[in-house]
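To start, the structure itself, in structure tokens.
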Amino acid sequence: MNFLKIVITAALFIAGPTWAGDLTGPQTNAVRSAKQYLSMMGFSRDGLINQLSSDAGDGFDISDATVAVDSLNVDWNQEAVRSAKQYLTMMGFSCKGLIQQLSSSAGDKYTVDQATYGAKHAGGC
């Protein structure tokens, strides 16, 4: 059984990102929603997947949301910069506080490296 899990996991990694032509109807709709969200504000990969899949968001299956987001060509560091700038226009943050907000699982869900990049390039550090 473990061997089968390893083989399936390896196949998924080898398969790489899904091409737009290979998307199902729900995945295509999730791509459209993701692009719309990204046109309005900065999102981390995990934050965007959460927005697309949560009941309070769009309600897509998490697998469809994940495939949709991963099919996009997004510079997550630049998204972190956008998010950091948005926070800094609303209120003051220390460098550490801004990185924490951007990387927190209760916040934007960027990786710490992305959050640090965003905070520094937005002028927060």
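Just one of the numbered conditions (1) at pLDDT below 95; (2) assigned by TED's automatic domain parsing to the domain that holds Ala30 is not true of Thr66: (1).
May I ask you to verify whether Arg45 is within 19 Å of Asp113 (Cβ to Cβ), modelled with pLDDT of 95 or more and either surrounded by fewer than 18 Cβ atoms within 10 Å (Cβ to Cβ) or of a type in the set (Lys, Arg) (or both)? The answer is yes for Arg45.
A quick yes/no check of all residues on (1) among the small types (Gly, Ala, Ser); (2) surrounded by fewer than 22 Cβ atoms within 10 Å (Cβ to Cβ); (3) under 18 Å from Gly118 (Cβ atoms); (4) without any contact (Cβ under 8 Å) to a residue 60 or more places away in the chain:
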residue	(1), (2), (3), (4)
Gln36	no, yes, no, yes
Met40	no, yes, yes, yes
Asp61	no, yes, no, yes
Ala68	yes, no, no, yes
Ser71	yes, yes, no, yes
Val74	no, yes, yes, yes
Glu79	no, no, yes, yes
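The values are calculated or read from the model by the stated rules, or taken from the named source; none is laboratory data. Since this is a predicted model, take the numbers as computed values, not measurements. Positions of Cβ are generated from backbone atoms using ideal geometry, with glycine treated the same way; all protein chains shown enter the neighbour counts.
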